[in-house]
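Let me begin by presenting the structure, written as structure tokens, before commenting on it.
The values are calculated or read from the model by the stated rules, or taken from the named source; none is laboratory data. Keep in mind that what you see is a predicted model, and the values were worked out from it rather than measured. Cβ placement follows ideal geometry from the backbone for every residue including glycine, while neighbour counts extend to all protein chains displayed.
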Amino acid sequence: MEKIQCFPTIWKVKLGTAERLTPHHFFGGQENERLKNMAQQTFPFAEDALSAKSTLQGFLITLPLGEDEKLYGLGLQLQSFVQNGKRKRLRTNADATNDTGDAHAPVPFYVSTKGYGILVDTSRCVEFDCGATRRVYSESNESKEKEIAIRTESLYNEEKRGSQVSIFIRGVEGAEIYIFAGESIKQVVESYNLFSGGGVLPPIWGLGNLYRSYGPADQGQVERLLEDIQKEEMPFSMLGLEPGWHSHAYSCSFKWDSNRFPDPERLVRKVKRAGLELNLWEQAYVHKTADFYEELRSYSADYEVWEGLVPDFALPEARKLYGKRQGELIDTGIGAVKLDECDGSDFTGGWFFPDFSQFPSGMDGEQAKNLFGAMVQRTIQQQFEQRNLRTYSQVRAGWSYGAPMSFVLYSDLYDHGQFVRGILNAGFSGLLWSPEVRQSGSGEEFIRRLQTVVFSPLSIINAWMVPNPPWKQYDIDHNAQGILLENNALQDQCRELLQLRNAFVPYLYEAYARYERYGTPPFRALVLDYPDDSQVHTIDDAYMMGDNLLVAPILNEGTGRSVYLPDGDWYDFWSGTRYIGKQHIVVETTRIPLFVREGTILPLASNQSITKDTIFDLEIRIYGREPRKTYLIEDDWISLNYKNGEQNRYELAVVDGELNIPRMERYLIHSQSRIY
Ligand code: GAL
């Protein structure tokens, strides 16, 4: 074992002989001034508590796990929150329906409430046993009397007391791991994000609302939809086209279907003129009708997916060919993509390359499967960056080093509780997740889901399955038959929620600017902000959006839920009622329960649309008697010039009872109010 300190908070530990084609090889090695300047931490546990050995099948690493610590992370785990007592085999997969480690974006990284994190640098389907099983000799508590379980649930739910985390990677002879230490669990996550290259700052329109249109819609239908959206004042900033824009999908031709879309240039113009950005659906499987198919052949895997080539994105030649077509689309005015099905599914219909595939770069199918999403994301993002543009796109797969990727994850799954848990879990691992809303069983369910959606990293209505907007009919069959709701009540509620999202964009932009700079996740579990309050350690249905807003969605039909407010005073966003923290309260509301932290200066915008030209019209709400200063971030909203310092950070503070208002170009303050 060789231990090397890389940064004051990070050590690399070399164990055995590591493989070459790891995530660090492809994505790591980012220089970061902030990481260099962090305060020196001590190594988080005794060195001899870490051990490793080769076994017949692979390589085993063991790390300590105390009874008093909780583990979180492992990427986008939709089925569970606290990872103690779990054994998972991380595998990128679209059917993440069991708590086995299959996930759209599993990440071999976990964090502990003790203030450390472990990143395993592997692209293999790695197994994490988080104290799920106990070694025979290492336990001293055998004598503790146990009650005999008389129901199967209690038998299987019995608290597990393994005192180790075991990490097992098949077919290898070693691995490198990175150990992060911090003053708090939040600082550990920040270090991991900075180590990955820092968080992402979306273009301003990416923080508005996205509508994805009906899969088979043609140009006429999309243009009519756009007109309706404008006429009916539905505040969207992005419009998505589904597979139907391609002349062939699945796999993809990356060419417009000239029957359905006879004049794409006109469509792009119209969308832009309406103040929206266009987002195109795609898969990274290349159909033989794509112009670059023949050239791509020798830079692709030896197995197809949906009769398309699977580019080897580890090779510059493949990235160049694929990237060139992406670049051409960007040059016609496309603002974002939805990168679908790069997660694959091995055993349902076999629509993924098998683990035994070979890629010309030397990767096998297992490595390529786990790195595929990240590699395509990077290929696309680089095309935007070469044009000095930001994007805020969608993707269905990711792995480690995800923080700098301007992509938000989504799924075909649809459990509301899991969708909320996804927001929290993504925040431990440098990921962003969007719990999209599609069809619903009732108007109430539609609104409850939309409430969560507008308080998530990407606010999206995905209507790919229905010809009419779901606010005109939430039921999928009725919608398809054109049986629409009799009044506009649902649409009015929907509009109001989309506007509420827009109101929070200046606040969110500041939170993302901090993500970009300091690695602080803009959406995160309460345990990251209140690690010492054991009450929050298991809360997976409420979360922080930025530093000052606690969001507690109502998951089911009905109007009530219990909310735990951590230490400090909190204000109900809707009524202004003040609550003392460290207690559970019960709320009854048709709105989404939102609580503002004491001392917050909260900017709220009244803008109808969020575009590259937006100047925000703000109301400032000041909560509590001793407000902390807060910031508004201003730049050109869309380019990378902010990386060269072309960005203003304006301070808002209350001095001698008065709010100081700096001179700003893109923010106007029209009113202020105080809430005690
Ligand atoms: C799915 C995707 C959906 C939709 C659909 C179109 O894989 O998750 O959101 O895009 O494909 O065929």
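Just one of 500, 450, 432, 458 is in the same structural domain as residue 373 (by TED's automatic domain parsing) and modelled with pLDDT of 95 or more; which is it?
Checking each option against the conditions leaves just 500.
Here's the yes/no breakdown for (1) among the charged types (D, E, K, R); (2) within 16 Å of the ligand (Cβ to nearest atom); (3) outside the structural domain of residue 275 (by TED's automatic domain parsing); (4) within 18 Å of the chain's Cα centre (by Cα):
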{"site": "180", "(1), (2), (3), (4)": "no, no, yes, no"}
{"site": "216", "(1), (2), (3), (4)": "no, yes, no, no"}
{"site": "219", "(1), (2), (3), (4)": "no, no, no, no"}
{"site": "229", "(1), (2), (3), (4)": "no, no, no, no"}
{"site": "232", "(1), (2), (3), (4)": "yes, no, no, no"}
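So which of 644, 660 is out of contact with any Cys (no Cβ under 9 Å at 6 or more places or on another chain) and either surrounded by 12 or more Cβ atoms within 10 Å (Cβ to Cβ) or in the same structural domain as residue 385 (by TED's automatic domain parsing) (or both)?
660
Considering only the stretch 236-260, how many residues are within 15 Å of the ligand (Cβ to nearest atom), part of a loop (DSSP other than H, G, I, E, B) and touching a Phe, Trp or Tyr at 6+ places or on another chain (Cβ under 8 Å)?
So the count comes out to 6.
Just checking, how many residues over the stretch 467-488 are in a helix (DSSP H, G or I) and under 16 Å from residue 225 (Cα atoms)?
Number satisfying all stated conditions: 2.
Are there any pairs, at least 6 apart or on different chains, whose C-beta atoms fall under 9 Å, with the first in the stretch 377-399 and free of Cβ contacts under 8 Å to residues at least 60 places away in the same chain and under 27 Å from residue 90 (Cα atoms) and the second within 16 Å of the ligand (Cβ to nearest atom) and aromatic (Phe, Trp, Tyr), and if so, which?
Pairs that qualify, where the first residue is free of Cβ contacts under 8 Å to residues at least 60 places away in the same chain and under 27 Å from residue 90 (Cα atoms) and the partner is within 16 Å of the ligand (Cβ to nearest atom) and aromatic (Phe, Trp, Tyr), are 377/407; 380/407; 381/407; 395/407; 395/410.
Results for (1) modelled with pLDDT of 95 or more; (2) part of a helix (DSSP H, G or I); (3) closer than 30 Å to residue 316 by Cα, shown as yes or no for each residue.
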position	(1), (2), (3)
379	yes, yes, yes
390	yes, no, yes
404	yes, no, yes
423	yes, yes, no
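Which of (1) in a helix (DSSP H, G or I); (2) touching a Lys or Arg at 6+ places or on another chain (Cβ under 9 Å); (3) buried (at least 19 other Cβ atoms within 10 Å of the Cβ) does residue 491 not meet, given it meets every other one?
Residue 491 satisfies all of (1) in a helix (DSSP H, G or I); (2) touching a Lys or Arg at 6+ places or on another chain (Cβ under 9 Å); (3) buried (at least 19 other Cβ atoms within 10 Å of the Cβ) except (3).
Regarding residue 291, is this residue assigned to a loop (DSSP other than H, G, I, E, B), touching a strand residue (DSSP E or B) at 6+ places or on another chain (Cβ under 7 Å) and more than 15 Å from residue 379 (Cβ to Cβ)? Even if it seems obvious, please write down each step before you answer.
On the way: assigned to a loop (DSSP other than H, G, I, E, B): yes; touching a strand residue (DSSP E or B) at 6+ places or on another chain (Cβ under 7 Å): no; more than 15 Å from residue 379 (Cβ to Cβ): yes.
For residue 291, the condition - assigned to a loop (DSSP other than H, G, I, E, B), touching a strand residue (DSSP E or B) at 6+ places or on another chain (Cβ under 7 Å) and more than 15 Å from residue 379 (Cβ to Cβ) - is not met.
Provide a single number: the residues in the stretch 23-46 that are surrounded by 10 or more Cβ atoms within 10 Å (Cβ to Cβ) and within 16 Å of residue 114 (Cβ to Cβ).
Of the residues in the stretch 23-46, the ones surrounded by 10 or more Cβ atoms within 10 Å (Cβ to Cβ) are 23-30, 32, 34-36, 38, 41, 43-45.
Then keep just the ones that are within 16 Å of residue 114 (Cβ to Cβ); that gives 41, 43-45.
Counting residues in the stretch 23-46 that are surrounded by 10 or more Cβ atoms within 10 Å (Cβ to Cβ) and within 16 Å of residue 114 (Cβ to Cβ) gives 4.
Report, ordered by the first and then the second residue, all pairs with beta carbons closer than 8 Å, sequence separation of six or more or different chains, a first member in the stretch 274-296 that is in contact (Cβ under 8 Å) with a residue 12 or more places away in the chain, and a second member that is in a strand (DSSP E or B) and polar (S, T, N, Q).
Listed by first residue and then by second, the contacts come to 279/393; 279/394; 286/300.
Does residue 397 satisfy the criteria of being within 16 Å of the ligand (Cβ to nearest atom) and buried (at least 23 other Cβ atoms within 10 Å of the Cβ)?
Values: within 16 Å of the ligand (Cβ to nearest atom): yes; buried (at least 23 other Cβ atoms within 10 Å of the Cβ): yes.
When the stated conditions are applied, residue 397 passes them.
Select from the stretch 406-421 the residues that are in a helix (DSSP H, G or I) and either under 13 Å from the mean Cα position of the chain (by Cα) or more than 16 Å from the ligand (Cβ to nearest atom) (or both) and list them in ascending order.
Within the stretch 406-421, 416, 417, 419, 420, 421 qualify.
Output the residues belonging to the stretch 425-466 that are assigned to a loop (DSSP other than H, G, I, E, B) and either more than 14 Å from the ligand (Cβ to nearest atom) or in contact with a Cys (Cβ under 7 Å, 6 or more places away or on another chain) (or both).
Listed by number, the residues that qualify are 427, 428, 429, 430, 431, 432, 440, 441, 442, 455, 456, 457.
In the stretch 266-288, which residues are assigned to a loop (DSSP other than H, G, I, E, B) and either more than 16 Å from the ligand (Cβ to nearest atom) or not assigned by TED's automatic domain parsing to the domain that holds residue 339 (or both)?
274, 275, 276, 288
State all residues of the stretch 310-342 that are over 18 Å from residue 287 (Cα atoms) and either aromatic (Phe, Trp, Tyr) or in contact with a Lys or Arg (Cβ under 7 Å, 6 or more places away or on another chain) (or both); if no residue qualifies, say none.
Of everything in the stretch 310-342, those that are over 18 Å from residue 287 (Cα atoms) and either aromatic (Phe, Trp, Tyr) or in contact with a Lys or Arg (Cβ under 7 Å, 6 or more places away or on another chain) (or both) turn out to be 330, 333.
Output the residues belonging to the stretch 494-529 that are of a type in the set (Gly, Ala, Ser) and over 27 Å from residue 35 (Cβ atoms).
503
For residue 263, are the conditions met, namely being away from the ligand (no atom under 16 Å from the Cβ), of a type in the set (Asp, Glu) and over 28 Å from residue 401 (Cα atoms)?
Yes; evaluated as a whole, the condition is true for this residue.
Listed here are the residues, each with its yes/no results for (1) at pLDDT 95 or above; (2) within 16 Å of the ligand (Cβ to nearest atom); (3) within 22 Å of residue 93 (Cα to Cα).
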position	(1), (2), (3)
328	yes, no, no
331	yes, no, no
336	yes, yes, no
344	no, yes, yes
347	no, no, yes
353	yes, no, yes
361	yes, no, no
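On the given criteria, is residue 602 within 27 Å of the chain's Cα centre (by Cα) and within 17 Å of residue 525 (Cα to Cα)?
Details: within 27 Å of the chain's Cα centre (by Cα): yes; within 17 Å of residue 525 (Cα to Cα): no.
In short, no.
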